[in-house]
1. Please identify every one of the trypsin sites (Lys or Arg not before Pro) in segment 79-140 that sits in a loop by DSSP and has no more than 15 other beta carbons within 10 Å of its own beta carbon.
2. Using only Cα atoms, figure out Rg for segment 21-213 and give it as a multiple of 2.2 N^0.38 Å.
3. Quick one: grab the alpha carbon gyration tensor of segment 314-379, order the square roots of its eigenvalues as a ≥ b ≥ c, and give me rounded if a/c is under 1.5, else prolate or oblate depending on whether a/b is larger than b/c.
4. Let me check I've understood the local charge: for H424, count other residues with C-beta under 11 angstrom from its C-beta, Lys and Arg +1, Asp and Glu -1. What total comes out?
5. Please report the antiparallel percentage of the DSSP beta bridges confined to the chain, to the nearest 5.
6. Can you give the calculated 222 nm mean residue ellipticity of the chain, where each DSSP H run of n ≥ 4 adds -39,500 (n - 2.57) and the sum is split over every residue, rounded to the nearest 500 deg cm²/dmol?
7. What does the charge count around I385 come to, taking other residues whose C-beta lies under 10 Å from its C-beta (Lys +1, Arg +1, Asp -1, Glu -1)?
8. What are the principal axis extents of the Cα atoms in the chain, in Å, biggest first?
Amino acid sequence: MREIVSPVRSIDGMITLPGDKSISHRYGMLAAIAEGRSVIANYSTGADCQSTLGCMAALGAKIERDPEGRVVIEGGALREPAAQLDAGNSGSTIRMLSGILAGQSFTSVIAGDESLARRPMARVIQPLTEMGACIEAREGAYPPLTIHGRPLHGIDYTLPVASAQVKSCVLLAGLFAQGDTVVRELVRTRDHTEIALREFGADIATEKRVIRLRSGARLRGRELFVPGDLSSACFFLVAALLVPDANLVIHGTGLNPTRSALLDFLVSMGASIKVLDLRQTGGELVGDLRVRSSPVSGGVIEGAMTAALIDEIPALAVLGAASQGGLTVRDASELRVKETDRIATLESNFRRMGVEIQTAPDGFRIPGGQKFHAAEIDPAGDHRIAMAFAVAALAADGPCAIENAECAGVSFPEFFATLREIAH
């Protein structure tokens, strides 16, 4: 699909975004292994989260949608799948689900699409092996993964890199382990798994970046609501900051403190963003965001902030190019092994739009005050690149063509329709 995005002068209205991807993945997995019935409202419409539901259904969970569109899951003990599990394009699915599969009484094989086949899995294989798992991988590190389920034991594990996916994988394996499972973080990462485990009935405690999961957890089904995805909101926040006249409200957005670095960073650049009607649901903070046009200065993303903003960096790169002082990103080698090499893909498409960028192995520098020129954008199948450059196109000097724009459906199938709804 080829999507044409034209420059606009204003953005206004109120939008509600699909459910948070990270939370949806976790609710789908935990509901499938919990006893009884779970009802999940506003589950993500993205293809990645549908891959998680497909895998859980293949493992024996009964999954359907009720008349209100909520996902209803009858959980319990998993069973051996009849065929290879398909994680699609979802690194979250394959990494986190591996923890659950490692503690089962059967063997399973999980793989995904061509992009996922290039993404490294050693970071989850290593701790799961320490717990007693037996996992075979292509070249020792890449999908497909053959996971021979067996009895596990809890470990005390220090994450070598900041990764909520690896942390979650170990904690999910800990549900099936003898003895407590402890995960230590050098840098705090998203805590959606800890919150979700607590909501489903696990005994889990966190103190000073040390998470302890008590063994013997008995999970029970829940009724839950998934807040709007803040990573998806980022594209619209940036869009509103790029155009001359914007007044946008994003309703029901997840504002988990481990994700709020995005808002903190944007406000530090001078963005006019206000949080309205702050509330809590299922242990997660939710609120409405109002953003207005405002000039923004430059910024630096490095260290712990890089880990906190890793998914938002493509959109923030676009804002950086238009900002007064530009954007520098360091300590982001993780971007090289996402759906694409995102540093290289950002560089390629910025150059198409006439935007200067200097890249490094672990980041890049974009000078500020630059103009976007009309171009044909090739996102290389990466949903976040496609959406980030669609936002850049709103401030270009002519219409831009986003090739293979359907890849946005990995996380946000409604993205282009929502953009057209508010762009004028």
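1. Here the sparse-neighbourhood loop sites are R79.
2. Working: Rg = 15.3 Å, N = 193, 2.2 N^0.38 = 16.3 Å.
Output field value: 0.94.
3. Taking the square roots of the gyration eigenvalues as a ≥ b ≥ c, segment 314-379 is oblate.
4. For residues surrounding H424, the net value is -1.
5. Numbers: 51 of 76 bridges.
About 65 percent, rounded to the nearest 5.
6. -9500 deg cm²/dmol
7. Values: positive: K338, R342, R384; negative: E339, D378, D382.
Once positives and negatives cancel, what remains is 0.
8. 60, 45, 42
We did not get these values from a lab; they are worked out from the coordinates using the rules stated. Because the structure is predicted, anything quoted here is derived from the model rather than measured. A quick note on method: Cβ atoms are made from the backbone with ideal geometry, for glycine too, and the neighbour counts reach across all protein chains shown.
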